[in-house]
Amino acid sequence: MTASLSRRLLTLLVVLSAGLGLIYALPSAPKPPAPGVATVLPDFVDEWYGQDAAVTEKERQVLGAETTFARKQYTNGRGASIFVSIVFSGEDMSASIHRPERCLPAQGFTLVDSRTEKLPLSLDPTHPLTVTRLHTLRPIYDAQGRPVTYSDGRPFKDFSLVYYWFIGSKETTASHTERYLLDTRDRIWMGTNQRWAYVSVMSRITANVDKFGLDEPQTDELVQTFIRKLTPLIQAKSVVIR
């Protein structure tokens, strides 16, 4: 090997070593922030007792392996029932979290109407929690798959109210579009992921089902009161309420 070739190889080795050494000078990726919501639902919410509810295999397949869940069915001594679900995002936000308006039709629900509500909270009385309220219906079928009808032949329709919102590590929003924009902002400008969670609270309107069932306004009051009691138990005080 000539002296000239040896010098070139030595120079190349020095350049490569210097380049590889720069890796250690680069800033490390920021540590993912702590989630702004509890990863486990409480067993009790005031008078309500919760039991774990199952996550279907189809949900796990659709939402991805990184997505995790917290889910309970709550009941009280008067026979009322409220279903609570929290879906925790993975890195792929497009697969982990989406609007209920997208998945409810696939479960047989029809959206009757949608609006936003502002619920005052003890966490911050000056900033009520903004949530999205959905009014849904779906037909009921018997064991043989036939539609259940009233005595006059009209199809029986099961109505429900669904309230939902999104909780990040720093803020909340009731809008899927706003959550997407906030997530994009954080990833591009700050290199962080707020680890968003999607919270939904659902209850059936039972006035036409049970003798002492609740109508729509009564169900609204039931669910809204429950959310006011649940939120301080699961949401970090540091989260900005929108």
**Report entry** Where labels lie 7 Å past Cα in the beta-carbon direction, separation of ARG102 and MET190 in nm
**Finding:** 2.3
Report summary line: Length gained if ALA236 through LYS157 is fully extended, taking 0.36 nm per residue and subtracting the Cα-Cα distance, is 24.6 nm
Query raised in the report: Taking only C-alpha pairs under 8 Å that are 6+ residues apart, what is the relative contact order of the range 35-234 in percent?
Result: 21
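Take the Cβ-Cβ distance between VAL112 and SER81 as r, set R0 to 25 Å, and report the resulting FRET efficiency rounded to the nearest 0.05.
Efficiency, from the Cβ-Cβ distance: 0.80.
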Report summary line: Here the Cα Rg-to-2.2 N^0.38 Å ratio for the range 35-234 is 1.07
Query - Long-range HN-HN contacts of GLY36 with modeled amide H, under 5 Å - result: SER169
Query raised in the report: Once the piece of chain linking GLU59 and ASP215 is laid out straight, how much longer is it, given 0.36 nm per residue of separation minus the C-alpha distance between them?
Result: 53.1 nm
Query - Net charge of Cβ neighbours under 15 Å - reference TYR164; Lys, Arg +1; Asp, Glu -1 - result: +3
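Just how large is the dipole of the range 35-234 about the Cα centre, in debye to the nearest 20, putting +1 at every Lys and Arg Cβ and -1 at every Asp and Glu Cβ?
Magnitude of the dipole: close to 200 debye.
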Query raised in the report: Given R₀ = 30 Å, FRET efficiency for THR39-ARG146 by Cβ-Cβ distance, to 0.05?
Result: 0.10
Query raised in the report: Tally Lys/Arg at +1 and Asp/Glu at -1 over every other residue whose Cβ is under 15 Å from the Cβ of SER175; what's the total?
Result: +3
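Since every read-out is calculated from the coordinates, none of them should be taken as a lab result. Please read these numbers as outputs of a predicted model, since none were measured by experiment. When we count neighbours, we look across all protein chains shown, and the Cβ atoms used for this are built from the backbone with ideal geometry, even at glycine.
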